[in-house]
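The values are calculated or read from the model by the stated rules, or taken from the named source; none is laboratory data. Everything numeric here is computed off the predicted structure, so don't read it as measured data. Note: ideal-geometry Cβ built from the backbone for every residue, glycine included; neighbour counts use all protein chains shown.
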Amino acid sequence: MPVPQHHIIATPPPFDTPPYPADMFAGQTVLVTGGGSGMGLAMAKAFAQGGAQVAVMGRDLERAQDGAAQIAALGVRTHAISCDVRQPDAVAAAFDEAENELGPIRLLANNAGANFPVLAEKVSANAWNAVTRIAIDGTFLCSTEFARRCMARGEGGAIINNSAQYIWTGFPGDAHSAAAKTAQATMTRKMAVDWAPYGIRVNAIAAGFFPHDSSTAGQREGGIEPLQNMIPAGRTGSIWEFGWLSALTCTPLFGAMSGQVIVQDGGESLRRSLMMPDFIPPRERADGPWGWQ
């Protein structure tokens, strides 16, 4: 059923009106993994809107460079780096390169990830490793590299991790990603405790549906409307509001918050009702849980 017209739907301000001063991150450098496109690019742009210098890391250098060019258009210094976050030596080298170009990294956004819809019994070992190692190993290696550098300088810092709201429930076709994103949330809590004495805060966002060019959300027949209708807030998220929340957690405004997994999904994860549609097992759905045939 379409969202009735009389329902009030709260929408975010336009992209060019971020909820913090243009100098909030002035003099600071942020490194964003997977920052060349999608949600990582939204994070990077949000930090740039607060005046941060941005190191854009990605496996595909051309994509990272394209993202860096978009970020530079916001008036900040940027640098694109090719790196496989699963390789510790490559991560250390990428941090060295970023700091040589932009100065000490004080902020870290862990967004690098991979996902594709597949039923659990069809996930190969290679497919499992491809998804889990980027999110789990990549988050661990980048976070620990960041923390060691902050500690050596005697400086604090902030990390924000891109998790997912299905870490508590799972999601059809997402056994690999749900496991990886759950591990990310657990790491967030543990690292926050370990590094609190050093002034390093670690938080995560359990993100819901934020459609963008490289996402599968809204790609099915009917477009975005079926997703909008199932979310209590009456809409999917705007990609820039995800970026804004990511950046806000790293500001002094959230200075007392660490080890938290913030749900940003328009209430979709709370949607439980006796009037919900009948359950149909994923493999018996005519168009599949993600729209496959």
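Output yes when any residue across the range 3-25 is surrounded by fewer than 24 Cβ atoms within 10 Å (Cβ to Cβ) and at positive phi, and no when none is.
Step one: of the range 3-25, the residues surrounded by fewer than 24 Cβ atoms within 10 Å (Cβ to Cβ) are 3-24.
With at positive phi added as a condition, the list becomes none.
Checked the range 3-25: no residue is surrounded by fewer than 24 Cβ atoms within 10 Å (Cβ to Cβ) and at positive phi.
What's the number of the only condition in (1) closer than 19 Å to Trp168 by Cβ; (2) at pLDDT below 95 that Gly259 fails to meet?
(2)
Scan the range 7-50 for residues that are among the β-branched types (Val, Ile, Thr) and within 10 Å of Asn111 (Cβ to Cβ) and jot them down. Show your work before the answer.
In the first step, residues of the range 7-50 are kept if they are among the β-branched types (Val, Ile, Thr); the result is 8-9, 11, 17, 29-30, 32-33.
Listed by number, the residues that qualify are Val32, Thr33.
Quick check on the range 180-216: of everything there that is of a type in the set (Lys, Arg) and at pLDDT 95 or above, which residue is farthest from Met151 (Cα to Cα)? Write out each step before concluding.
Taking the range 180-216 as the starting set, the residues that turn out to be of a type in the set (Lys, Arg) are 181, 189-190, 201.
Filter once more, so that each one left must be at pLDDT 95 or above: 189-190, 201.
Working: Arg189: 19, Lys190: 17, Arg201: 13 Å.
Only one residue fits best here, namely Arg189.
May I ask you to say which residue of Arg59, Arg77, Arg63 is of a type in the set (D, E, K, R) and under 24 Å from Gly156 (Cβ atoms)?
Details: Arg59 fails: under 24 Å from Gly156 (Cβ atoms); Arg63 fails: under 24 Å from Gly156 (Cβ atoms).
On inspection, the qualifying residue turns out to be Arg77.
Hey, can you tell me all the residues within the range 148-176 that are within 19 Å of the chain's Cα centre (by Cα) and among the hydrophobic types (A, V, I, L, M, F, W, C)?
Restricting attention to the range 148-176, the residues satisfying the condition of being within 19 Å of the chain's Cα centre (by Cα) are 157-171, 174-176.
Of everything in the range 148-176, those that are within 19 Å of the chain's Cα centre (by Cα) and among the hydrophobic types (A, V, I, L, M, F, W, C) turn out to be Ala158, Ile159, Ile160, Ala164, Ile167, Trp168, Phe171, Ala175.
Under 6 Å between Cβ atoms, which residue pairs at least 6 apart in sequence (or on different chains) link something in the range 148-165 that is farther than 13 Å from Arg106 by Cβ and modelled with pLDDT under 95 with a partner that is of a type in the set (S, T, N, Q) and surrounded by 24 or more Cβ atoms within 10 Å (Cβ to Cβ)?
Close Cβ pairs (under 6 Å, with a partner that is of a type in the set (S, T, N, Q) and surrounded by 24 or more Cβ atoms within 10 Å (Cβ to Cβ)) amount to Asn162/Asn111; Ser163/Gln184.
Of all residues in the range 183-207, which are part of a helix (DSSP H, G or I) and either at positive phi or in contact with a strand residue (DSSP E or B) (Cβ under 8 Å, 6 or more places away or on another chain) (or both)? Quick ask: steps written out before the conclusion?
Kept after step one, since they are part of a helix (DSSP H, G or I), are these residues of the range 183-207: 183-198.
Passing the criteria: Gln184, Ala185, Met187, Thr188, Arg189, Met191, Ala192, Trp195.
Within the range 83-106, work out how many residues are small (Gly, Ala, Ser) and crowded, with 19+ Cβ neighbours inside 10 Å. Write out each step before concluding.
If we filter the range 83-106 for residues that are small (Gly, Ala, Ser), which is where we start, we get 90, 92-94, 98, 103.
Right, trim to crowded, with 19+ Cβ neighbours inside 10 Å and you get 94, 98.
So the answer is 2.
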